[in-house]
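Since the structure comes first, as structure tokens, the remarks are kept for the end.
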Amino acid sequence: MPAELGEFGRIARFLAPLAAGAPGALGLTDDAALIALAPGERLVVTADAIVEGVHFLPGDAPDLVARKLLRCNLSDLAAMAAVPVSYVMTMALPVRCDDLWVERFAAGLAADQAEFGISLLGGDSVSTPGPITLSITAFGRVAAGGEVRRSGARPGDIVYVSGTIGDGALGLLAATGRLVGLDPAERDYLADRYRLPRPRVTLGPLLSGVASAMMDISDGLVGDLDHLAAASGVAAVIDATRLPLSTAAASVMAEDVERLETVLTGGDDYELLFTAAPDADIAGLAAGVGVPVTAIGRIEAGAGVQVLDRDGGPLPLTRRGFRHA
Ligand SMILES: [Mg+2]
């Protein structure tokens with residue numbers, strides 16, 4: 001068996017190619033990188049870390065772990081209406097992560113760099129006695145004043161979500177064998193949605209100047225909408241019957257209506273949650289980039305989030321789940 005490459009060898013072999021050609025990366029030969037912006041642009045910065053056993057499952061394929069890590073950050077950039085530019089990464093790896101693991105991890109990053117138009121600028125790699133811990137700080141660009149914050153929702157605005165809701169949280173259950181009786185194809189679909197988020201990088205920037213408030217859904221629809229409403233000083237009312245569900249999620253709900261709680265409060269959706277004035281042509285914008293968008297409710301004066309059931313009455317929800325009597 002060939003000797004392991006060691007830290008510098010790994011950087012040269014697996015990580016430096018991820019920075020090849022990136023303006024400002026300087027071939028990873030210097031102590032830091034450079035980021036250029038056009039006049040009138042602002043740099044948008046976000047950081048997300050993931051930990052084995054907490055944000056991904058022990059034994060998950062390294063390329064998928066890499067892509068989830070990068071995509072969580074891309075989702076945050078999209079939520080500010082920013083276009084991805086570059087990222088830096090810190091890896092803390094136990095010794096069991098060998099060269100092959102790093103090679104496969106880097107291959108996942110390379111695939112997503114090509115898909116999303118972003119490249120590595122630098123980073124650090126250390127060893128740890130603990131679980132795999134990975135952090136990316138990502139940079140995006142937006143025209144000054146074109147960023148969309150959480151604080152702009154106003155009474156009368158419509159509440160929208162992209163894609164489908166609940167697949168991530170149901171996917172975690174599927175990936176850990178806790179959705180028994182589900183059709184295997186639907187189980188695999190949900191597990192894939194947990195392991196590989198679809199950040200809405202094309203829709204986010206289009207909503208600059210259109211959405212009044214925006215964030216991505218990472219910790220559950222109800223909890224995240226509560227953050228948006230609080231930042232805006234308003235209340236949000238959504239209809240449970242209007243939640244966009246995948247076919248697989250609808251199958252789960254048909255079997256067990258209590259799973260609505262998972263859909264509403266589970267994490268890992270990485271869809272965009274935003275508000276806009278009633279006359280904004282959201283459907284037209286969304287159709288232009290082929291991303292489904294659904295109106296799920298409205299903004300009112302007041303505070304907090306209310307979820308209405310099919311009878312129009314409020315569900316007894318807390319941010320973390322149903323309030324059980
Ligand atoms: Mg976020």
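The values are calculated or read from the model by the stated rules, or taken from the named source; none is laboratory data. Predicted model only: the values in this text are computed from it and were never measured. Cβ coordinates were reconstructed from backbone atoms using ideal geometry, including for glycine residues, and neighbour counts include every protein chain displayed. All accessible areas refer to the heavy atoms of the entire protein, side chains included, with ligands and DNA or RNA removed. Shrake-Rupley method; radii C 1.70, N 1.55, O 1.52, S 1.80 Å.
Structure data summary
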| item | result |
| --- | --- |
| Subset of the stretch 219-264 that is open to solvent by 20 Å² or more (accessible area, probe 1.4 Å) and within 16 Å of the ligand (Cβ to nearest atom) - its residue that is nearest to Leu170 (Cα to Cα) | Asp219 |
| Of residues in the stretch 78-88 being under 13 Å from the mean Cα position of the chain (by Cα) and among the small types (Gly, Ala, Ser), the one farthest from the ligand (Cβ to nearest atom) | Ala78 |
| Index of the failed condition, Val51 passing every other in (1) among the β-branched types (Val, Ile, Thr); (2) away from the ligand (no atom under 16 Å from the Cβ); (3) in contact with a helix residue (DSSP H, G or I) (Cβ under 7 Å, 6 or more places away or on another chain) | (3) |
| Residue among Val148, Val142 that alone is over 18 Å from the mean Cα position of the chain (by Cα), within 16 Å of the ligand (Cβ to nearest atom), of a type in the set (A, V, I, L, M) and more than 24 Å from Ser246 (Cα to Cα) | Val142 |
| Filter pass, Asp268 being of a type in the set (Asp, Glu), touching a Leu at 6+ places or on another chain (Cβ under 7 Å) and modelled with pLDDT under 95 | yes |
| Residue that is nearest to Arg104 (Cα to Cα) [pool: residues in the stretch 57-77 that are open to solvent by less than 10 Å² (accessible area, probe 1.4 Å) and away from the ligand (no atom under 16 Å from the Cβ)] | Pro62 |
| Given (1) at pLDDT 95 or above; (2) open to solvent by 30 Å² or more (accessible area, probe 1.4 Å), index of the condition Phe322 fails | (1) |
| Residues being in contact with a Lys or Arg (Cβ under 7 Å, 6 or more places away or on another chain), open to solvent by less than 50 Å² (accessible area, probe 1.4 Å) and away from the ligand (no atom under 16 Å from the Cβ) - total across the stretch 182-218 | 2 |
| Those residues of the stretch 86-95 which are modelled with pLDDT of 95 or more and surrounded by fewer than 16 Cβ atoms within 10 Å (Cβ to Cβ), in sequence order | Pro94 |
| Scan of the stretch 134-160 for residues that are of a type in the set (Ser, Thr, Tyr) and buried (at least 16 other Cβ atoms within 10 Å of the Cβ), ordered by number | Ser135, Thr137, Tyr160 |
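Rundown of residues vs (1) under 24 Å from the mean Cα position of the chain (by Cα); (2) farther than 29 Å from Asp224 by Cα, yes/no style:
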residue: Phe8; (1), (2): no, yes
residue: Gly27; (1), (2): no, yes
residue: Ala47; (1), (2): yes, no
residue: Asp60; (1), (2): yes, no
residue: Lys68; (1), (2): yes, no
residue: Asp76; (1), (2): yes, no
residue: Thr90; (1), (2): yes, no
residue: Leu93; (1), (2): yes, yes
